[in-house]
1. For TYR98, what charge total do you get from the other residues with a beta carbon under 13 Å from its beta carbon, if Lys and Arg give +1 and Asp and Glu give -1?
2. Give me a comma-separated list of calculated 3J(HN,Hα) values for region 112-129, in order, Karplus coefficients 6.51, -1.76, 1.60 applied at θ = phi - 60°, integers in Hz, x for any Gly or Pro.
3. Leaving ligands, DNA and RNA out of it, rank GLU143, GLU124 by accessible area with a 1.4 Å probe, largest first.
4. Can you compute the modelled spin-label distance between ASP66 and CYS119, with each label point 7 Å from Cα toward Cβ, in nm?
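The values are calculated or read from the model by the stated rules, or taken from the named source; none is laboratory data. The model shown is predicted, which means the values in this text are computed figures rather than measured ones. All Cβ positions, even for glycine, are placed from backbone atoms using ideal geometry, and neighbour counts span all protein chains on display. Ligands, DNA and RNA are stripped out before the accessible areas are found, and what is left, the full protein with its side chains, is counted by its heavy atoms. Shrake-Rupley method; radii C 1.70, N 1.55, O 1.52, S 1.80 Å.
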Amino acid sequence: MIASLNTEKFADFLNKLNREFKQLLQTVNLFKDRSFNNKIDRIIKVISLKITQVLKAEQVTFFIVDCERQELWSKNAIGLNQELISIRIPFNTGIAGYVASTGRSVNIPDPYTDPRFNCKIDLETGFRTRNILCLPIFNSQQEVFAVAQILNKIGDIPFDREDEQNFFLLTKSLGVILETSILYIQQISSSGGEND
């Protein structure tokens, strides 16, 4: 293809390529800006709060799939004292692990009766999970790279079909935000920065 371009078209091709590389360099520099990750965290926090309000639930947690370590790690888990906590679980563990590995959503009215439920997290955090709605988030290659999990519908009732539909609508656009956040973390990790 390039061999058939005349000088003018080849120069146009190089100029276009140069512009694309400049955009790429600007993006890489953006990833190095620590305030960028703080902005992503704030966006995820605001979205999480809105989801809990709309679905009348106690908490939303996003788990990121770490293929290299074969585990899931929480992006925004909140402890009993409203502090940010870090949760890391093996990829094939619990409801979130099931959703990550199968790409299927689940709605579980009583997780303690479900053999896939990992009660260890409740024991470690002191949180009591009464019901769970959990769905996969796909990246641009249509691979599951994150899981959105909402816990405890207020009023001791389980999540219903309408909640499932609303949860899907509220989280489907999060793929790009979470994917960008993961790219940022990988960038600073590979350059010797701190991981989150």
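1. +1
2. Taking θ as phi minus 60°, the curve returns 5, 9, 9, x, 7, 5, 9, 6, 4, 5, 4, 4, 6, 9, x, 7, 10, 7 Hz for region 112-129.
3. GLU124, GLU143
4. Here the modelled spin labels are 2.7 nm apart.
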